[in-house]
Amino acid sequence: MVWSQAISQRRAVANSLLAIIPISIVGVAVYYLAAGHHVRFDLGIVLAVGGVAGARLGAAIAQKVSDRQLQVAFGILLVVVALRLLL
Amino acid sequence: MNLIEIGVSLVIGLFAGVVSGALGVGGGVVMVPAMVLLLGVDQAVAQGTSLFVILPTAISGVQSHYRRRNLDLQPTIWIGLVGAIFAAGGAYLAVHVDQLHMRQVFALYLLLVGLQSIYKGVRN
């Protein structure tokens, strides 16, 4: 949503958060209503609690460590996890 | 949930939060594989649960942006509604496809996101 120059980066983030809400609600509903109830609400709530604390910590870390190091380290981790899932 | 599951989930959530706070990456790329590999959750359940985790974060974010008048309600609602239709289709596919295939497709997606992140870091 950064394409429109009239919309600043901050507005883009805000609007994208708003657009995600109906997307997420419908997605969760379909996953849950399908046979097998593919949503663990208890697990989700615990993950969200950790996530809120982590997001603040992450923003603080981003101030101190360089983007490059974080991107490379995270990328390597994802590649390893992807291979683990495949093999 | 037993205490170990709760502890592991808190750590997974924390790590997903750190990564998204620091790099702006969605938490799903961390939470979904972590649920599958560390908690033994089915691929589809991990994906459905990860979608659910987005909700409280997005709602609290939207509240604060609404107060600061950062939202363009009309165009965004349309984007959200069209997105929701496709999300329904995607979710329907995800629960009906063979879970092993779903996991492999997800792993390929992770591989691409990982390689892209390494490329960005090296290029910068």
With the calculation restricted to Cα positions, what are the radius of gyration and Dmax of region B:1-121 in angstrom? 16.2, 45
Where in chain B are the DSSP H helices whose alpha-carbon span along the long axis reaches 18 Å or more and whose Kyte-Doolittle mean is at least -1.0? B:3-23, B:43-67, B:73-96, B:99-123
Spelling it out for A:Val39: with amide H atoms placed in the peptide plane at 1.01 Å from N, the residues 5 or more places away or on another chain with amide H under 5 Å from its amide H are none
Footprinting proxy, B:Thr76, B:Thr57, B:Thr49: sorted fewest to most Cβ within 10 Å, the residues are B:Thr57, B:Thr76, B:Thr49
Going through the DSSP H helices of chain A, which span 27 Å or more along their own axis at the Cα atoms while scoring at least 1.6 as a mean Kyte-Doolittle hydropathy? none
Label-point gap, in nm, between B:Arg123 and A:Ile76 - each point 7 angstrom along Cα→Cβ: 2.1 nm
Relative contact order (percent, whole number), chain B, Cα cutoff 8 Å, 6+ residue spacing: 19 percent
For chain B, set up a GNM with springs between Cα atoms under 10 Å and report which of B:Leu39, B:Leu14, B:Leu112 has the largest fluctuation. B:Leu112
Running a GNM on chain B with Cα contacts under 10 Å, which residue among B:Gln63, B:Gln99, B:Gln43 ends up with the highest mean-square fluctuation? B:Gln63
Ratio of the Cα radius of gyration of the protein assembly as shown to 2.2 N^0.38 Å, where N counts its residues: 1.01
With +1 on each Lys and Arg Cβ and -1 on each Asp and Glu Cβ, and nothing else charged, work out how big the dipole of chain B is about its Cα centre, in Debye to the nearest 20. 500 debye
Average beta-carbon neighbours from other chains, 10 Å sphere, peptide B:28-40: 3
Label-point separation (nm) for B:Leu37 and B:Ala88, each offset 7 Å from Cα along Cα-to-Cβ? 3.5 nm
Where does chain B land at 222 nm, in deg cm²/dmol rounded to the nearest 500, when only DSSP H runs of n ≥ 4 count, each adding -39500 (n - 2.57), divided by all residues? -30000 deg cm²/dmol
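All of the numbers you see were taken from the coordinates with simple rules; none came from a lab. Just so it is clear, the structure is predicted and the values come from calculations on it, not from any experiment. Note that each Cβ is placed from the backbone with ideal geometry, even for glycine, and that neighbours are counted across all protein chains shown.
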